[in-house]
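*Asks:* Please find one structure pasted underneath; my questions will follow.
The values are calculated or read from the model by the stated rules, or taken from the named source; none is laboratory data. Keep in mind the model is a prediction, meaning the values are calculated, not measured. A quick note on method: Cβ atoms are made from the backbone with ideal geometry, for glycine too, and the neighbour counts reach across all protein chains shown.
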Amino acid sequence: MEIKLAKTAGFCFGVKRAVETVYKEAEKNNETIYTFGPIIHNEQVVEDLEKNGVFVVNTVEELKALKEGTTVIVRSHGVGKEVYDLMEECGLHVVDATCPFVKKIHRIVERESNAGKRIIIIGNDKHPEVEGIKGWVNGKATVIETADEALAFTAENNEQLCIVSQTTFNYNKFQDLVEIIREKGYDVESINTICNATEERQTEAKLIAGTVDSMIVIGGSHSSNTQKLFEICKKECEDTYYIQTLDDLDMESLKGKEIVGITAGASTPNNIIEEVQKHVRIKF
């Protein structure tokens, strides 16, 4: 069996930076520290961090309950301005591990909304990154994820629009949704804020999936970028499997396959990717 492993599989820059930040804080801090939401969408990493004294708080109510001086790490997805303000009011020690590409979007939407523009965010309204982006908008913000939502969207007379994207959104789908909105004749400024790593990962996954008999996509069940990879690969290769760890892989499904492709989301540790790759290679 030939195995094609994507070069872009695994931690992206922003996730690697965030995870390293948490482990460094855990090493130098004798007290329990917290992340606001899971540092990344990977259960194995979150469980390992708990062993190192790092726990997750998910709500502002939980933040308010922490004692003054407690270390709280903002995850790679970022948070809205009101959350920063709350943590400051509570006297918490904040370590900001927001991905720089996400921070850039925060600055864009704050600037453009202050200039009077309506912000359109292409992405998943319930994703923490999008929730954080909305928290930097002064004025109207609309989240659009599907063609139907783009078709149904209407702007007020003479309203200027600024369109940005969740960093992990499907690049081609982003372009399609922007075009639907443009065709309505609105005054639109479109800023492609999908990070380069996401575009490269999606492009490579599509190319590999088009040349293999089976495709394995590795990533957390709540990972948006991994879900996008799965959708892209599934279109190119019907036998595409979404797994979190080796335990989820049905080895019987790979019997008789000559070429198998492997890619992974931005929140998948290298050790999990290597374990899957080695096991498939040894088994066949």
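*Asks:* Scan GLU189, GLU112, GLU200 and give me the residue that is charged (D, E, K, R), within 26 Å of ILE216 (Cα to Cα) and touching a residue at least 60 places away in the same chain (Cβ under 8 Å). Show your work before the answer.
*Replies:* Values: GLU189 fails: within 26 Å of ILE216 (Cα to Cα); GLU112 fails: within 26 Å of ILE216 (Cα to Cα).
Of the residues listed, the single one that is charged (D, E, K, R), within 26 Å of ILE216 (Cα to Cα) and touching a residue at least 60 places away in the same chain (Cβ under 8 Å) is GLU200.
*Asks:* Do you know which residues across the range 170-224 are surrounded by 17 or more Cβ atoms within 10 Å (Cβ to Cβ) and polar (S, T, N, Q)?
*Replies:* The answer is ASN170, SER190, THR193, THR198, GLN202, SER214, SER223, SER224.
*Asks:* Ok, one more. I'd like the full set of residues that are farther than 16 Å from ASP96 by Cα and β-branched (Val, Ile, Thr), limited to the range 33-75.
*Replies:* VAL45, VAL46, THR59, VAL60
*Asks:* Tally up the residues in the range 107-129 that are out of contact with any Ser or Thr (no Cβ under 8 Å at 6 or more places or on another chain) and at negative phi, please.
*Replies:* Step one: of the range 107-129, the residues out of contact with any Ser or Thr (no Cβ under 8 Å at 6 or more places or on another chain) are 107, 109-117, 125-126, 128.
Narrowing the set further to residues that are at negative phi leaves 107, 109-115, 117, 125-126, 128.
Summing the residues that are out of contact with any Ser or Thr (no Cβ under 8 Å at 6 or more places or on another chain) and at negative phi in the range 107-129 gives 12.
*Asks:* Of the residues that make up the range 252-271, is at least one within 30 Å of GLU112 (Cβ to Cβ) and among the acidic types (Asp, Glu)? Walk me through how you get there before you give the answer.
*Replies:* Looking only at the range 252-271, we keep the residues that are within 30 Å of GLU112 (Cβ to Cβ), and these are 265-267.
Pick out the ones that are also among the acidic types (Asp, Glu) and you get none.
The answer is no; no qualifying residue exists.
*Asks:* Does GLY78 count as touching a His at 6+ places or on another chain (Cβ under 7 Å) and either closer than 21 Å to LYS24 by Cα or outside the structural domain of GLN166 (by TED's automatic domain parsing) (or both)?
*Replies:* Numbers: touching a His at 6+ places or on another chain (Cβ under 7 Å): yes; either closer than 21 Å to LYS24 by Cα or outside the structural domain of GLN166 (by TED's automatic domain parsing) (or both): yes.
So GLY78 passes the test.
*Asks:* A further question follows. Within the range 148-179, which residues are farther than 25 Å from HIS41 by Cβ, outside any loop (DSSP other than H, G, I, E, B) and of a type in the set (Gly, Ala, Ser)?
*Replies:* Within the range 148-179, ALA150, ALA152 qualify.
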